[in-house]
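Contents: one structure, followed by commentary.
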Amino acid sequence: MTDTPLHLEPGLYVTATPIGNLGDITYRAVETLKAADLIICEDTRHTAKLCAAYAIKTPLKPYHEHNAARVRPGIIKKLQDGAAMCLVSDAGTPLISDPGYKLVREARDAGVAVTPLPGASAAIAALSAAGAPSVHFLFAGFAPARTVARDKAFAAVAEVAATLVFYETGPRLCACLEAMAAAFGNRRAVVARELTKLYEDFREGHLSELATSYKDAPPKGEIVVLVFPPETKPVTAETLDRFLKDALETMSVKDAAAQAATVLGAARNSAYARALQLKGNA
């Protein structure tokens, strides 16, 4: 960091903050937070602790799901008038399981420059150290709290050929893992807890085993659950044809083949060639 104050161009700066360890913030983020006219945050008390640690004296303004609709027009007006503002969440990268996307959407619609300042994210931190396949992954956020809605959400992603990444709370973890085992089969999974903090913990096993291990002792702290992809099964010609025919009703040949590769695990080149053939026959 330099001693010369940073000059910020007007706009909204989407600024990632630490998920636990206060050292996990970039020089650029600290300098930008210091130079901004205003910091928009979920909880001013929480963000004030970060500001105190880095001698950031920029005013704070609360922006959360309960006041967002009321205060958003005023924020947009100030941005249009030339203010430079930072948007932060309580932890990690804003907009990831966070209410900030409507502000970013309206800022862009209003012609305001929106600049990302990347940094910590619990989902990516967990994926980087869990040892789960990471070429393809699906971030699904928090599962619904109600049983029926949760089961429907799990059923919708059960066949996706990718590592599934969820956020969860300690009191709900056991029930969530049991529901995952019912929806996904007894796949391997990793529970990552308290990332970057003193009691950081990665626990790996099959979903049913993990559910049992947490049954009598719900864990504390913030949790990421990573579920390994389904085992690759040979895709029959009939299954591929049925899938591609349905997909081609609304998709291009290229997109239908890509979808077959993601959902079925089919070879992309073979799926593309077959989709072309089916399209021609149709």
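Every read-out reported here was derived from the displayed coordinates using simple, explicitly stated rules and does not represent laboratory data. Every value quoted in this text rests on a predicted model; they were computed, and no experiment measured them. Reconstructed Cβ throughout: ideal geometry from the backbone, glycine too, with neighbour counts over all protein chains shown.
The residues of the range 25-49 that are hydrophobic (A, V, I, L, M, F, W, C), touching a residue at least 24 places away in the same chain (Cβ under 8 Å) and not in a loop (DSSP other than H, G, I, E, B), listed by number, are ALA29, VAL30, LEU33, ALA35, LEU38, ILE39, ILE40, CYS41. If I go through the range 118-167 residue by residue, how many of them are closer than 26 Å to TYR13 by Cα and not in a strand (DSSP E or B)? Going through the range 118-167 one residue at a time, the tally reaches 11. For the residues LYS220, LYS233, LYS254, the requirement of being part of a helix (DSSP H, G or I) and exposed (fewer than 15 other Cβ atoms within 10 Å of the Cβ) singles out LYS254. Here ALA122, ALA140, ALA113, ALA107 are screened, and the one residue that is in contact with a Phe, Trp or Tyr (Cβ under 8 Å, 6 or more places away or on another chain) and touching a residue at least 40 places away in the same chain (Cβ under 8 Å) is ALA122. Report yes if some residue within the range 75-97 is free of Cβ contacts under 8 Å to residues at least 60 places away in the same chain, over 23 Å from PHE166 (Cα atoms), touching a Gly at 6+ places or on another chain (Cβ under 8 Å) and surrounded by 14 or more Cβ atoms within 10 Å (Cβ to Cβ); otherwise report no. No: the range 75-97 contains no residue that is free of Cβ contacts under 8 Å to residues at least 60 places away in the same chain, over 23 Å from PHE166 (Cα atoms), touching a Gly at 6+ places or on another chain (Cβ under 8 Å) and surrounded by 14 or more Cβ atoms within 10 Å (Cβ to Cβ).
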